[in-house]
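Worksheet for the structure shown next.
Where a number appears in this text, it was derived from the coordinates with a stated rule and is not lab data. Computed from a predicted model, the values in this text were never measured in an experiment. Counting neighbours? That spans all protein chains shown, and the Cβs are built from the backbone with ideal geometry, glycine included.
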């Protein structure tokens with residue numbers, strides 16, 4: 001997608017009350033969007049090599065760059081509104097450590113959890129102020145997140161393609177519980193933004209779970225498609241072997 005140009009030059013967009021409402025929240029999300037993703041990319045390169053897919057790591061790199069672009073959009077807006085950037089937050093630290101200690105699949109699972117919650121968050125941030133620039137940024141990020149969730153459904157379908165269905169269902173339920181715990185933390189940390197946009201906890205939970213089940217359905221469909229393609233490839237390969245002339 002074509003990048004937006006968000007000026008960091010001072011230009012009042014927020015009332016004092018709006019600035020107080022969103023400052024701690026937007027600081028945290030701007031920090032979280034700016035991850036370098038180096039370890040994730042390295043794991044993607046190893047996985048791509050293991051399945052002979054030279055495009056896997058490249059598409060993962062594009063995804064990481066788009067996330068970093070979101071951070072730059074938010075940073076420019078914050079600077080224009082005299083909202084300082086932060087370099088550290090305990091939630092961001094925990095999520096980064098979880099991704100750092102995990103393998104590719106768990107890293108992507110943690111990442112997709114943040115993406116699922118980002119959808120209702122940016123909807124709320126868009127409605128929490130009357131700033132036309134912030135509304136435009138949130139709309140753009142939401143458009144990107146829709147594509148990102150489809151991409152991550154594809155990536156995780158590839159990573160989990162050979163797992164037994166019963167195990168996959170159990171892991172899906174664990175992911176749901178992890179999401180619910182994360183929703184509770186996000187509500188505590190960003191309640192002022194959600195309430196300014198008319199949200200309560202029940203609405204946040206409902207929207208996050210709706211995104212989760214829609215994403216899960218897309219991943220399940222892709223896993224079935226991959227399984228059928230692999231079985232078809234195996235049958236074709238066996239057919240070629242049977243028709244090869246003896247030497």
Work out how much length residue 214 to residue 20 would gain on full extension: take 0.36 nm times their residue separation and subtract the Cα-Cα distance, in nm to one decimal.
66.4 nm
With only alpha-carbon atoms counted, please give the Rg and Dmax of the stretch 123-216, in Å.
15.8, 49
How big is the gap, in Å, between the Cα center of the stretch 116-133 and the Cα center of the stretch 1-59?
16 Å
Residue 188-residue 85 FRET efficiency (beta carbon distance; Förster radius 22 Å; 0.05 resolution):
0.50
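Once you order the gyration tensor axes a ≥ b ≥ c over the Cα atoms, which shape class does the stretch 155-209 get: rounded for a/c under 1.5, otherwise prolate or oblate by comparing a/b with b/c?
Here the stretch 155-209 falls in the prolate category.
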Determine the shape class of the stretch 31-111: with a ≥ b ≥ c the square roots of the Cα gyration tensor eigenvalues, call it rounded for a/c under 1.5, and otherwise prolate if a/b is greater than b/c, oblate otherwise.
oblate
Angle in degrees between helix 132-159 and the longest Cα principal axis of the chain, rounded to the nearest 10
20 degrees
